[in-house]
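*Asks:* Handing you this structure, nothing more for now.
The values are calculated or read from the model by the stated rules, or taken from the named source; none is laboratory data. Because the structure is a prediction, the values reported are computed rather than measured. Cβ coordinates were reconstructed from backbone atoms using ideal geometry, including for glycine residues, and neighbour counts include every protein chain displayed.
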Amino acid sequence: MHYEGNIIRPPSEAYSILLQVTVGCSHNKCTFCGAYKGERFTIKKDDVIFEDIEFAAKYCKRQTRLFICDGDALIIPQKRLIPILERIKQRLPWIERVGLYANAKSIKMKTADELKELNALGLKIVYMGLETGDDVTLERINKGSDSAKMVEMGKKIRSAGIQLSITVLLGLAGRERSQIHAAETGRVLSAIDPEYVGALSLMLIPGTPMHIDYQNGRFELITPDDMLKELGTMIATTHLTDGLFHANHASNYLPIRAHLPEDRDKTLALISQALDGKVKLKPEYMRAL
């Protein structure tokens, strides 16, 4: 397989075939993210992509899922994305699910019919980084979209029959807007009603604008207990029809897997016990991105 730069994939794609189609991220302006700094966003040549599909056809017959890397693969023009999915379907017929990252901009660029076409060709799940439902924080982190647009684009994915997994980030708003961030994120998640939510905890990356603000006293990183309080508020205000709320990423202090709505009360009770010191939190040295 031909890999360039950083390869980022969701935790749930740990055992998937990783097919890199793009290098970097089409937005690459979020103040907290250092994953693709210094990388110019490019779409790889078709012959390289198809060669990697042939490699997977020969050596990856045990994997039933495939993840198209990298930062925002849905931005690929439809006329190029369709042949890639068709080739996957032709050469890897055992693949049951194809997934990729998307953002509000790339979703907006696809029509409803184009998304349905991608779904018919095997695109079964899209991962979207919401990060927060708080418009003030969205602007501060330079996300490139507001909460209303996030809701609209999230619903657009779901209407196409594609499953949606949304990522949110605890601690992102700092101390000043901590609980506002949590409650507003719950509001937006409820409006979109995705199948999956993944909550990560902020870890500052040296060299990013947010880390520089932290060093200069312009951003205050909240405590582990404050992150748990955010998580509790977020879960209490998130109303899903039938969804999984995960907070079991390596960055999190308290692993959580809740099926909402039925697991809400016991999950909030677990968070309360952790805040009371009755449940141990993950030590700092064990946290990772």
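*Asks:* I need the full set of residues from the range 213-227 which are out of contact with any Lys or Arg (no Cβ under 8 Å at 6 or more places or on another chain) and outside any loop (DSSP other than H, G, I, E, B), in order please.
*Replies:* 213, 214, 215, 224, 225, 227
For (1) out of contact with any His (no Cβ under 8 Å at 6 or more places or on another chain); (2) of a type in the set (Phe, Trp, Tyr); (3) under 24 Å from residue 55 (Cβ atoms), each residue gets a yes or a no:
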residue	(1), (2), (3)
78	yes, no, no
98	yes, no, yes
101	yes, yes, yes
110	yes, no, no
114	yes, no, no
134	no, no, no
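*Asks:* Only one residue in 53, 88, 95 is within 20 Å of residue 116 (Cβ to Cβ), more than 17 Å from the chain's Cα centre (by Cα) and assigned to a helix (DSSP H, G or I). Which one? Full working, then the answer.
*Replies:* Details: 53 fails: within 20 Å of residue 116 (Cβ to Cβ); 95 fails: assigned to a helix (DSSP H, G or I).
The unique qualifying residue is 88.
*Asks:* Identify all residues within the range 62-85 that are touching a helix residue (DSSP H, G or I) at 6+ places or on another chain (Cβ under 6 Å), under 22 Å from residue 130 (Cβ atoms) and not in a loop (DSSP other than H, G, I, E, B); write none if there are none.
*Replies:* 67, 74, 75
*Asks:* Moving to a separate point now. Checking residue 230 against (1) acidic (Asp, Glu); (2) assigned to a loop (DSSP other than H, G, I, E, B); (3) crowded, with 17+ Cβ neighbours inside 10 Å, only one condition comes out false. Which one?
*Replies:* Checking residue 230 against (1) acidic (Asp, Glu); (2) assigned to a loop (DSSP other than H, G, I, E, B); (3) crowded, with 17+ Cβ neighbours inside 10 Å, the one that fails is (2).
*Asks:* Could you list, in sequence order, all residues of the range 123-151 that are surrounded by fewer than 19 Cβ atoms within 10 Å (Cβ to Cβ) and free of Cβ contacts under 8 Å to residues at least 40 places away in the same chain? Show your work before the answer.
*Replies:* We begin by selecting, within the range 123-151, every residue surrounded by fewer than 19 Cβ atoms within 10 Å (Cβ to Cβ); these are 124, 135-136, 139, 142, 144, 146, 148-149.
Selection gives 124, 139, 146, 148.
*Asks:* Name the one entry in 107, 88 that is out of contact with any Phe, Trp or Tyr (no Cβ under 8 Å at 6 or more places or on another chain), modelled with pLDDT of 95 or more, surrounded by 20 or more Cβ atoms within 10 Å (Cβ to Cβ) and closer than 30 Å to residue 174 by Cβ.
*Replies:* On the way: 88 fails: closer than 30 Å to residue 174 by Cβ.
None of the other options fit; the residue is 107.
*Asks:* Just wondering, is there one or more residues in the range 164-172 that are farther than 17 Å from residue 231 by Cβ and either assigned to a strand (DSSP E or B) or among the acidic types (Asp, Glu) (or both)? Full working, then the answer.
*Replies:* Initially, the range 164-172 is screened for residues farther than 17 Å from residue 231 by Cβ, giving 164-165.
Then keep just the ones that are either assigned to a strand (DSSP E or B) or among the acidic types (Asp, Glu) (or both); that gives 164-165.
Yes - at least one qualifying residue is present in the range 164-172.
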